[in-house]
Structures are given as structure tokens and as C-alpha cells.
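Here's the structure, in C-alpha cells; my notes come after.
The values are calculated or read from the model by the stated rules, or taken from the named source; none is laboratory data. The structure displayed is predicted, hence computed values, not measured ones. Note that we place each Cβ from the backbone using ideal geometry, even for glycine, and neighbour counts take in every protein chain shown. To get the accessible areas, we keep the full protein, side chains included, count just its heavy atoms, and leave off ligands, DNA and RNA. Shrake-Rupley method; radii C 1.70, N 1.55, O 1.52, S 1.80 Å.
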Amino acid sequence: MPDPLQTHLEHQGISPLEAQAQARVLWAEFEARVAALEGHLKTASSVQDLQTMLGEHRSVLERSSQAQAEKAKAKLACKAGCTPCCFLRVKTSAPEVLTLAAQIASLPQKRRDTLERRVHRAAKQAKTLNNQAWNTRGPGCPLLEDGQCSVYDSRPLACRAHHSLELKPCQKLHSRGTGAVPVNSHLELLGMQFVGALKEAAQRRNLQLDALELTTALSAALLEKNALERWLGGEQVFTTADELEPTKTL
């Protein structure tokens, strides 16, 4: 059976021999990432443990992405204040949701109350909108403030990996609800590798690994005070993103 990773690389114009060699390197890096994450999850007992794990994982992703972008001479359209992607439905993971909830809970009372109200309000809307409707008429990410991500250093891996080579396709995607944006294929693959590594590590520890819709999961984590303990105990704590998609369009 053909190696899907090698096939993907060949579709990018890489020769079969070189694609095979690159695939082996990427798989080795992927397994190393999974092993590191699994080690963290094996001993994790607090949100601080998850924050440490994610901090290391994010740092490696950012260094690798920067190196890949420089190597490919990729000119990204993404910059501060550019927010079309912040109005798209975001799929994330339980560790990221749990650490974001803890970060919000640690804020001063007034600031925390403001963010929590926005999160809960967005979560209610998310339950009534399918992906296309959310992308065009949803409230956007409740963590977006004045054109900036209020939790930028802790933003989900999906947000970190997302990028575009042109602004207009992003704007069209937001206005139409569906479509594609031009990306650098190597950066895209790198992002998939890091998102996939976290999922694989959770699976090996028998923890909930489903992709979660950001606002509904974050709302649940803010309301459920023992969500961390339940998740580490192997419970299916959160509603999956796939369970939300069949919902009606307003």
C-alpha cells in the first residue's frame, strides 16, 4: 500500500526517491513528537503540566514553521490586525481548551467576567449554526478583541498552523462561508503533523482525542470545574466538533 505521506510529497512535484527520503524523516520527527507528548500526558496531574507540554510543543512548531517559511521564501499575507480567519470555526483539542479555561479563570474578576460572558454567548450561537453559517454570520472568536487575539501566546495549534499567501481569498471565505485559501504546502503539512501528534499522543493514553469546537468546549471547561480530572481519567468530557455540524442554519 502506498505511503500517503510519500504520495502527498510526490504530488508537490518531489521525485519519488526524494519523497521517500523526506517521508521517512517526517515520520521519525512525528514519532518523536508523539513520544514527547505522551510522556507529558503520562505524568500530567495539573493544568500547569498541560501548559508546560503545550508550551514546548508550540515552541518547536513555531521554530520549525519559521525555518520552513524562510527556506521556501514563503510570503505570507498574515499580519497583526488581519482577522478574517478569526471568524472561522476553530477545531481544537482538550488540553488546549483546558489550559485556555485556566488562563481566563486566573484573570482579574472584571476582565474574566467579560471574557466568560462572550465565550458563553458565542457557544450558544455555535450550537445553532453549521460550519458555513458560522463562518459567514457567526460572532467570530470571543477571544478576539480590537482586532487582536487576547490569548495570542496560548492560541490553539490550529490557529498557529493556519496561514494564507493572499488576503482576498481569506476575505471571500469569510463572506461566502466556504472556499479555499492559497497556502504553502510544506507549512500546511507541518501544521498537520503537530496537530496530529497531539491527537495521537492522547489516543495512546486513552484520553478524549476528538476535535473540539473551540467556543462550546471552552464554555464547558469554564463551567465544569473538574473537567481536567475527568479528562485525565479518560472520560469523554466535551462535545465533539462533528456532533455540532448537523445543527440547523438560522
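In this simple spin-label model, placing a label point 7 Å from the Cα along the Cα-to-Cβ direction at both Arg230 and Gln51 gives a separation of 2.3 nm.
Going by a ≥ b ≥ c, the root eigenvalues of the Cα gyration tensor, does segment 19-104 fall in the rounded group (a/c under 1.5), the prolate group (a/b larger than b/c) or the oblate group? Here segment 19-104 falls in the oblate category.
Here's the list of lysines a cross-link from Lys172 could span, going by alpha-carbon distance under 27 Å and ignoring same-chain residues fewer than 8 apart: Lys73, Lys75, Lys79, Lys91, Lys124, Lys127, Lys248.
Just the protein heavy atoms count here, and of the accessible area of the chain at 1.4 Å, carbon and sulfur take up 52 percent. Between segment 213-241 and segment 46-70, what's the alpha-carbon centroid distance in Å? What the calculation gives is 22 Å, centre to centre. For the chain, the 222 nm mean residue ellipticity estimated from helices alone, with every DSSP H stretch of n ≥ 4 adding -39500 (n - 2.57) and the total spread over all residues, rounds to -19500 deg cm²/dmol. Taking a ≥ b ≥ c as the square roots of the eigenvalues of the alpha carbon gyration tensor, the chain is oblate, as a/c is not under 1.5 and a/b does not beat b/c. Name the trypsin sites (Lys or Arg not before Pro) in segment 34-78 that are in a loop by DSSP and that have at most 12 other C-beta atoms within 10 Å, would you? Passing sites in segment 34-78 are Lys73, Lys75. Heavy-atom accessible surface of the chain, averaged per residue, reaches 54 Å², computed with a 1.4 Å probe.
Shape class for segment 69-182: oblate, because the ratio a/c of the largest to smallest gyration tensor axis (alpha-carbon atoms, square roots of eigenvalues) is 1.5 or more and b/c is at least a/b. Here the relative contact order of segment 1-93, from alpha carbon pairs under 8 Å that lie six or more residues apart, stands at 14 percent.
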